[in-house]
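The values are calculated or read from the model by the stated rules, or taken from the named source; none is laboratory data. This structure is a prediction, so every number in the text was calculated from the model and none was measured. Note that each Cβ is placed from the backbone with ideal geometry, even for glycine, and that neighbours are counted across all protein chains shown. All accessible areas refer to the heavy atoms of the entire protein, side chains included, with ligands and DNA or RNA removed. Shrake-Rupley method; radii C 1.70, N 1.55, O 1.52, S 1.80 Å.
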Amino acid sequence: MAAVAVQVVEIESHNEQAELSKMSPEEHWKMQHEKIHVKHRGHEAMHAEMVLILIATLVIAQIVLVQWKQRHCRSYNMVTLVQMWVVPLYFTIKLYWWRFLSTWGMFSVITSYIIFRATRKPLSGRTPRMVYKWFLLIYKLSYAVGVLGYLAIMFTMFGFNLLFRIKTEDSMDFGVVLLFYGLYYGVMGRDFAEICSDYMASTIGYYTGRGMPSRNLSDDICAVCGQKIFVNLDEEGIIENTYQLSCNHIFHEFCIRGWCIVGKKQTCPYCNEKVDLKRMLNNPWERTHVLYGQLLDWLRYLVAWQPIIIGFVQGINYTFGLE
């Protein structure tokens, strides 16, 4: 009898596997969804408790993070940046996302070298321009990739992918991946650029974290890169456009744009006076970079702190025996 029962179970299992193999991905997902509903039927009270714990944790975490950022902004930014760098790496290795791991590795190696050059003393005259060029490149690439990913998602949602016989899943996955790459590296690039800007400016001596310069600024020196603004005819150098802020301090146009847009500094590199970005960005299309920067600031919270908050919520649920 036992042998017959085992044979019956094996036949039923074989039939079930054969039925699963005939199902489409959508049908398989629906069946799994129904099983979850059956498993959790009658647990509405428990689910309500879990939702309340999630909401309360999110509110408390938000208050704590806001207070931390206001009182100790430097430590908050540093911890957030480390988490932004490490958390995706954990999921990448765990889920075997080798494509992201390769781009993450290249970005990390080059950025580490850039940071090394930016933190050297004495600071080379070519370093600030090299730093801003690298992070400006990352900023523009991330912006373009993010926009392309967004357009791919919209392309799929309106069904245009069917005109080119592209599967909806493939088209949507392509858009989501590009959007994530653009936003993630946009956040990382801006944060590292801000750190490099602080180091270089404090090394040059025309700007410090306290807002009081340790050196006097000559009329022919750019406080961002420390190089001459106007090059004499008998000297080697590059003739560049200049830009004058409302405080009457003059800088290389490339340097001050890198300082304000890429390095996230909205103050004069010398006197710390507020910079009017609307006056600097005459082209309306350039103002989208400011909105993009605000979006990246929001994403920083989502990537860096959301996984930790969710993990904390799961720990509370496990402690109280909630499933």
The condition from (1) open to solvent by 80 Å² or more (accessible area, probe 1.4 Å); (2) modelled with pLDDT of 65 or more that residue 306 misses is numbered (1)
Consider residue 61 carefully, then state whether it is surrounded by 11 or more Cβ atoms within 10 Å (Cβ to Cβ) and over 25 Å from residue 131 (Cβ atoms).
yes
Expected single match for buried (at least 19 other Cβ atoms within 10 Å of the Cβ), in contact with a helix residue (DSSP H, G or I) (Cβ under 9 Å, 6 or more places away or on another chain) and farther than 28 Å from residue 83 by Cα among 124, 171, 142 is 171
In the range 121-132, anything of a type outside the set (Phe, Trp, Tyr) and in contact (Cβ under 8 Å) with a residue 60 or more places away in the chain is listed as 121, 122, 123, 125, 127, 128, 129, 131
